[in-house]
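Quick notes on the structure that follows.
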């Protein structure tokens, strides 16, 4: 009898995964209608969405960051997108909302800020003052905001897509390590290829493709995909390996702060979502390797005082190389 119950449970999980793969493909295809030539980057953002995480985009202006955020929000029925343009004078209540006195009801009424949306684009996050960044940190970490001593839950799904310009640093406030660690992954969109850029110009001759983008998922369907990622099979050897890689970043010469335990959690969840988006019910070693840089690189801080040391690592490529040398892929010849 127990065997029959287990078999039924496995069959239900398999059916859930199969249907979720189809739903995820619909979401990806819908977003790709307006963000052309960026399939891998779109998949990374959706990967964060499925794991309940957030994304930091380091890129120059004009690379479709806003379009991507709006396209994801529009793809979800009832989804709302909001944009926060960060400046040094931006106050915490400008993003969280505040209570104002309403003459009609003779009481204070809370007016929600832009954080009360499903997909929030936080443009040039490093231009906001530390106080405002702290308000964003609570929203990212706990999916809630606190105003006037009262805590309010944020909507689900909830995704922050934050950007910062990697070139212009004047008038910016570097993100603290604690906030960087809250981003599931960091990525760059980059400029499109020539043919793709020509197609983008042609597609906007008369109207923007976003205006014709229809929802492709219900909120309940998105929750189904999020739940299905937990059933993607991750071999215990692969799980141990990815944790070993994260731990290896902490003991390298020239690394001031290695990836945290939150990095292990983010990587474990991300590889499951990545496999599902690839149409599989199981994780491959290649999934781990693909996601190492976007999930871990921003969590590893180099020691600036060791840059002249011949032994010290100087960039992420060296960190990755040495980490993989310390934690080789299971079954490889270099494995002890």
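Each value in this text was obtained by applying a stated rule to the coordinates, not by laboratory testing. Note that the structure is a prediction, hence the values are computed from the model and not measured. Every residue, glycine among them, receives a Cβ derived from its backbone with ideal geometry; neighbour counts consider all protein chains shown.
Figures for the structure shown
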item: Peptides ranked, highest mean first, by Cβ atoms within 10 Å: ranges 16-23, 71-78; result: 71-78, 16-23
item: Antiparallel DSSP beta bridges within the chain, as percent of all bridges there, nearest 5; result: 40 percent
item: Contact order relative to length of the chain, as percent, for alpha carbon pairs under 8 angstrom and 6 or more apart; result: 22 percent
item: Nearest-0.05 FRET efficiency for residue 198 and residue 141, computed from C-beta distance (R0 45 Å); result: 0.60
item: Inter-label distance for residue 32 and residue 19, nm, one decimal - labels placed 7 Å from Cα along Cα-to-Cβ; result: 2.4 nm
item: Over region 232-331, relative contact order from alpha-carbon pairs under 8 Å, at least 6 apart, %; result: 40 percent
item: Whole-angstrom Cα spans of region 188-334 along principal axes, big to small; result: 57, 39, 27
item: Chain lengthening between residue 177 and residue 326 when straightened (0.36 nm per residue, less Cα-Cα); result: 51.2 nm
item: Packing-based exposure ordering (other Cβ within 10 Å, fewest first) of 38, 104; result: 104, 38
item: Ranked by how many other beta carbons lie within 10 Å on average, peptides 134-141, 272-279 from highest; result: 272-279, 134-141
item: Cα-based shape type of region 90-247, given that a ≥ b ≥ c are square roots of the gyration tensor eigenvalues and the cut on a/c is 1.5; result: rounded
item: Whole-angstrom gap from region 175-207 to region 222-275, using each part's C-alpha centre; result: 24 Å
item: Cβ crowding within 10 Å averaged over residues, with 188-199, 49-60, 212-223, 86-97 ranked highest first; result: 49-60, 86-97, 212-223, 188-199
item: Gain upon complete extension [residue 250, residue 111; 0.36 nm per residue less C-alpha separation]; result: 45.7 nm
item: Three-way shape label, the chain, alpha-carbon gyration tensor, a/c 1.5; result: rounded
item: Sum of -39500 (n - 2.57) over DSSP H runs of 4+, divided by residues of the chain (222 nm, nearest 500); result: -14000 deg cm²/dmol
item: Paramagnetic reach from residue 93 (point 7 Å along Cα→Cβ, amide N under 18 Å) across region 132-157; result: 132-136, 145-152
